[in-house]
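Novice: Take this structure first; my questions come after.
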Number of protein chains: 2
Amino acid sequence: MSDTASLAQAQRSLADPDIRYPLWPPLIRGCPRTSSADMSYPVDVEYDYAQVPADFLTRAGSGLDRWSALLPPLLAPSLGEGGTPLVDLGEGVYLKDESRNPTWSHKDRLNRCTVSAALGAGAPGIVVASSGNHGASAAAYAARAGLRCVVLGSAGLPPAVASFLSAYGAVVLPVPAEERWPLTERIVEEFGYFPVSNLTPFHTGSSFGPEGYKTVAYEIVAELGVPGAVFVPTGYGELLFGIGKGFAELRELGLTDRVPRLYSCEPRTGGPLAAAVRQGVPATRVPVGATDAYGIDCPVNSYRGVLALERSGGDPLLVDDAQLKAAQSELAAQGLWCELSAAAGLAGLRAAAPEVEGPVVCVATSSGFKDVGVGGHGLAPVDPAWESVLGRLSAAGIRPA
Amino acid sequence: MSDTASLAQAQRSLADPDIRYPLWPPLIRGCPRTSSADMSYPVDVEYDYAQVPADFLTRAGSGLDRWSALLPPLLAPSLGEGGTPLVDLGEGVYLKDESRNPTWSHKDRLNRCTVSAALGAGAPGIVVASSGNHGASAAAYAARAGLRCVVLGSAGLPPAVASFLSAYGAVVLPVPAEERWPLTERIVEEFGYFPVSNLTPFHTGSSFGPEGYKTVAYEIVAELGVPGAVFVPTGYGELLFGIGKGFAELRELGLTDRVPRLYSCEPRTGGPLAAAVRQGVPATRVPVGATDAYGIDCPVNSYRGVLALERSGGDPLLVDDAQLKAAQSELAAQGLWCELSAAAGLAGLRAAAPEVEGPVVCVATSSGFKDVGVGGHGLAPVDPAWESVLGRLSAAGIRPA
């Protein structure tokens, strides 16, 4: 399935990198030795870095398979994920357009890896608690791999997302949010299904999944070199962590000489990562207010996010819905229609406007088709008489030549 | 804007290749010398083929810019269109997934070229009659290029498509279908806007636009070699023509030694290209029945389609909605969610099942988000009690391990 054999050799605790576990089976509840009822620590994947080919950054290949040496074994078949374009927004700012993935979000990079974990674990199916991009992406990769998929979703989805979530043949069960966790546990226990969403009080998620996001960093470096900063829409921080780990690996390997500063961009209505950093704790819980950025609207963070900011010398940013909408409009005016959550990277850049040496990359995670309100209504007809059309054009500032 | 200077040197009539016009301005009503009230003949673009670099197929580059030598001058800024993956469906069949473009359809390849034509013609804006992918894509490229855009749409759009069409700041005017043509003419005349949709009784469309589709052929050859056959969802036949021209150019240049057989795949409820081929005429008009494949539901064809089939030794195919839905489901079961119209390529392959030597490529033009019915309704909640969930799972054939 992949161009090069995976060099993955173990799982290791993010709380204490001396604590290692075998690569198989992929851990589904974080690091058991360091986690407690009060704190959940994730694990990540360790590689045999000495064996990484010297031409790692320049060798031919496409999508995730191009980077398979530094990914978990890609047992799940590809849908052609990754290889997304960097769109030049001017003034040294680039948009990494993740809406160009197989299910039109960054989650495809993660789910090629989570479904590979499920296949390697010998599970007959996967179960995922998600109401959006993650659930649909997991369903797509499960379908592609011939695994069944159960999605514990929500009845309150934007209507176009409801169609999306149901498109890939998964069993979609909309249940109240508080029922998702116990139902996931029970489906794991009684059906032997592999969970590809979180099962711990603070987020630990999948051990394999965030590895897929490292490829965002690899692609940026291969195309642009090391940027000065990267602004990342941040929910549970898996994307942030993966991108940071990718840049760090390249520096450790001597393929680059520095890493970019990472900025996490969370909705101001919540912002557990910003709160954890402020409090100096690995993870925390915050009350969550109303925001249309439902894709990154999280009550808890993961220790992954804290690590990613620390290791890159970066900062947590908070953006409100007005800033998100302004960034979304700025992108639409450049011909790029993204989900409100996906505009958080650019919103963070515009809000913080830090001094950055070198190019800046904002990650846009997903397509505008997934937004709240999309598909809720059609278009009202207009009177086709020329005077009426002229009036419409004039109101929009369009006048005869 | 582009990697290599364009070798475009003239426009030429498709009715008589000895009839040439200067490259600028791009003709907007087909070939004036051969067209009449009874027949409309398109023009295409001719290049200085002697100057094409020998490494044309293998040189580095991304998206459309990689192929800029054999495209019209790419004056419009890129959104990172093209470079879409070929997804392996097994048994020698590949899907060219055009939903991976900037506005999630093949139309982006065309509209980088149509908006380049508008810029080169010095127009202050563009006008487009379209209710779907073409209109939204044109709006995106116009926005990116700093041109205004008027979309003459329809009030009967799928609701998610209504949001899509409105996303890029265009003035969207939903009017009855029969009003679109006279309004386009008047906006062209009185506002100096450049039309990027058709203005002739039979379809001629843009002279520059279909050139963008040649890149589908170039990418297929660069990745896979020359396939045995290509199955193309067909409306007015611009995509079919562009793909055919791309393969033919590579053979003329001696970079390949053959061309694939092309199959046009139209909805059985209309099928003007199939009718024109049957009647032995360059173009015809057919009554159009009900189909959900609204993206390729056309009452007239273009001479382009007839030429593309003739030159490749291909055949016109007709598919009904049941065959389209079966192909759409087959793709969803592989993790690929496409619009019903976009499934026409695979539907044509499954229906015709011709003997083909070598790999087969089916083009899927667009994302499932654009389909009729998407976004029309949310998900009904289910009872989260375990017995109820068990019942749901059991009904879907999922049983405890």
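The values are calculated or read from the model by the stated rules, or taken from the named source; none is laboratory data. Please read all numbers here as calculations on a predicted model, not as lab measurements. Don't worry about glycine lacking a Cβ; one is built from the backbone with ideal geometry, like all the others, and counts go over all protein chains shown. Remember, those area values only see protein heavy atoms, side chains included, never the ligands or the DNA or RNA. Shrake-Rupley method; radii C 1.70, N 1.55, O 1.52, S 1.80 Å.
Novice: Filter the range A:105-128 down to residues that are among the aliphatic types (A, V, I, L, M) and surrounded by fewer than 24 Cβ atoms within 10 Å (Cβ to Cβ) and give me whichever is nearest to A:Gly345 (Cα to Cα).
Specialist: Restricting attention to the range A:105-128, the residues satisfying the condition of being among the aliphatic types (A, V, I, L, M) are A:110, A:115, A:117-119, A:121, A:123, A:126-128.
Keeping just the survivors that are surrounded by fewer than 24 Cβ atoms within 10 Å (Cβ to Cβ) gives A:119, A:121, A:123.
Numbers: A:Leu119: 33, A:Ala121: 35, A:Ala123: 36 Å.
The extreme case among them is A:Leu119.
Novice: Please indicate, with yes or no, whether at least one residue in the range A:46-55 is within 23 Å of A:Ala118 (Cβ to Cβ) and more than 14 Å from chain B (Cβ to nearest Cβ). Walk me through it before giving the result.
Specialist: Of all residues in the range A:46-55, those within 23 Å of A:Ala118 (Cβ to Cβ) come to A:46-47.
Narrowing the set further to residues that are more than 14 Å from chain B (Cβ to nearest Cβ) leaves A:46-47.
For the range A:46-55, residues within 23 Å of A:Ala118 (Cβ to Cβ) and more than 14 Å from chain B (Cβ to nearest Cβ): present.
Novice: Residues to consider are B:Phe231, B:Phe241; find the one that is under 17 Å from B:Leu349 (Cβ atoms) and among the aromatic types (Phe, Trp, Tyr).
Specialist: B:Phe231
Novice: Next question. Say whether the condition of being in contact (Cβ under 8 Å) with a residue 24 or more places away in the chain and on the phi > 0 side of the Ramachandran plot is met by at least one residue in the range A:334-349.
Specialist: No, because not a single residue in the range A:334-349 is in contact (Cβ under 8 Å) with a residue 24 or more places away in the chain and on the phi > 0 side of the Ramachandran plot.
Novice: Pairs only if they're at least six apart or on different chains, beta carbon under 6 angstrom, first in the range A:265-287 and under 19 Å from A:Gly313 (Cβ atoms), second of a type in the set (A, V, I, L, M) and assigned to a strand (DSSP E or B); list them, first residue then second.
Specialist: Qualifying pairs under 6 Å: A:Cys265/A:Leu317; A:Cys265/A:Val319; A:Glu266/A:Leu318; A:Ala274/A:Leu318.
Novice: Output yes when any residue across the range B:244-251 is within 25 Å of B:Trp104 (Cα to Cα) and either open to solvent by 10 Å² or more (accessible area, probe 1.4 Å) or assigned to a loop (DSSP other than H, G, I, E, B) (or both), and no when none is.
Specialist: Yes: the range B:244-251 contains one or more residues that are within 25 Å of B:Trp104 (Cα to Cα) and either open to solvent by 10 Å² or more (accessible area, probe 1.4 Å) or assigned to a loop (DSSP other than H, G, I, E, B) (or both).
Novice: Only one of these conditions is not met by B:Ala344: (1) within 30 Å of A:Ala76 (Cβ to Cβ); (2) surrounded by fewer than 17 Cβ atoms within 10 Å (Cβ to Cβ); (3) in contact with a Pro (Cβ under 6 Å, 6 or more places away or on another chain). Which number is it?
Specialist: Tallying (1) within 30 Å of A:Ala76 (Cβ to Cβ); (2) surrounded by fewer than 17 Cβ atoms within 10 Å (Cβ to Cβ); (3) in contact with a Pro (Cβ under 6 Å, 6 or more places away or on another chain), B:Ala344 fails exactly one: (2).
Novice: Across the range A:105-153, which residue is farthest from B:Ala395 (Cα to Cα) among those that are assigned to a helix (DSSP H, G or I), of a type in the set (Lys, Arg) and within 12 Å of chain B (Cβ to nearest Cβ)?
Specialist: The qualifying residue farthest from B:Ala395 (Cα to Cα) is A:Arg112.
Novice: Residue check: is B:Val226 open to solvent by less than 20 Å² (accessible area, probe 1.4 Å) and modelled with pLDDT of 95 or more?
Specialist: yes
Novice: Name the residue, out of A:Lys370, A:Lys325, that is surrounded by 19 or more Cβ atoms within 10 Å (Cβ to Cβ), within 30 Å of A:Glu91 (Cβ to Cβ) and not hydrophobic (A, V, I, L, M, F, W, C).
Specialist: A:Lys370
Residue-by-condition table, conditions (1) modelled with pLDDT of 95 or more; (2) under 17 Å from the mean Cα position of the chain (by Cα):
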residue: B:Gly135; (1), (2): yes, yes
residue: B:Leu147; (1), (2): yes, no
residue: B:Arg180; (1), (2): no, no
residue: B:Glu189; (1), (2): yes, no
residue: B:Asn198; (1), (2): yes, yes
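Novice: Does A:Pro176 fit the bill of being open to solvent by 10 Å² or more (accessible area, probe 1.4 Å) and either among the aliphatic types (A, V, I, L, M) or over 24 Å from B:Val372 (Cα atoms) (or both)?
Specialist: Yes.
Novice: Hey, another quick one. Would you be able to tell me the number of residues in the range A:287-336 that are out of contact with any helix residue (DSSP H, G or I) (no Cβ under 9 Å at 6 or more places or on another chain) and of a type in the set (D, E, K, R)?
Specialist: So the answer is 1.
Novice: So which pairs qualify, if the first residue must be in the range A:376-396 and farther than 17 Å from B:Trp181 by Cα and at the interface with another protein chain (Cβ under 7 Å from one of its Cβ atoms), the second must be open to solvent by 70 Å² or more (accessible area, probe 1.4 Å) and not in a loop (DSSP other than H, G, I, E, B), the Cβ gap must be under 9 Å, and the two must be at least 6 apart or on different chains?
Specialist: Filtered contacts from the range A:376-396: A:Ala396/B:Arg148.
Novice: Taking B:Ala364, is it within 14 Å of chain A (Cβ to nearest Cβ), buried (at least 18 other Cβ atoms within 10 Å of the Cβ) and not acidic (Asp, Glu)?
Specialist: So B:Ala364 fits the description; yes.
Novice: Let me ask something else. Could you please tell me which pairs satisfy a Cβ distance under 9 Å, a separation of 6+ or placement on different chains, a first residue in the range B:92-105 that is within 10 Å of B:Ser367 (Cα to Cα), and a second residue that is among the acidic types (Asp, Glu)?
Specialist: Qualifying pairs under 9 Å: B:Glu98/B:Asp108; B:Ser99/B:Glu339; B:Asn101/B:Glu81; B:Asn101/B:Asp108; B:Thr103/B:Glu81; B:Trp104/B:Glu98; B:Ser105/B:Glu98; B:Ser105/B:Glu339.
Novice: Could you give every pair whose Cβ atoms fall below 6 Å, whose first residue belongs to the range A:159-186 and is more than 7 Å from chain B (Cβ to nearest Cβ), and whose second residue is open to solvent by 20 Å² or more (accessible area, probe 1.4 Å) and not in a helix (DSSP H, G or I), counting only separations of at least 6 or pairs across chains?
Specialist: Close Cβ pairs satisfying both conditions: A:Leu165/A:Val172; A:Ser166/A:Val172; A:Arg180/A:Ala129; A:Thr184/A:Ala129.
Novice: Also: Look through the range B:374-399, keep the residues that are touching a Gly at 6+ places or on another chain (Cβ under 8 Å) and not β-branched (Val, Ile, Thr), and return whichever of them is surrounded by the most Cβ atoms within 10 Å (Cβ to Cβ).
Specialist: B:Gly375
Novice: Still on this structure: Can you list the strands (runs of 3 or more DSSP E) lying wholly within the range B:1-104 that have 1 or more residues being at pLDDT 95 or above and surrounded by fewer than 16 Cβ atoms within 10 Å (Cβ to Cβ)?
Specialist: B:8-13, B:20-22, B:86-90
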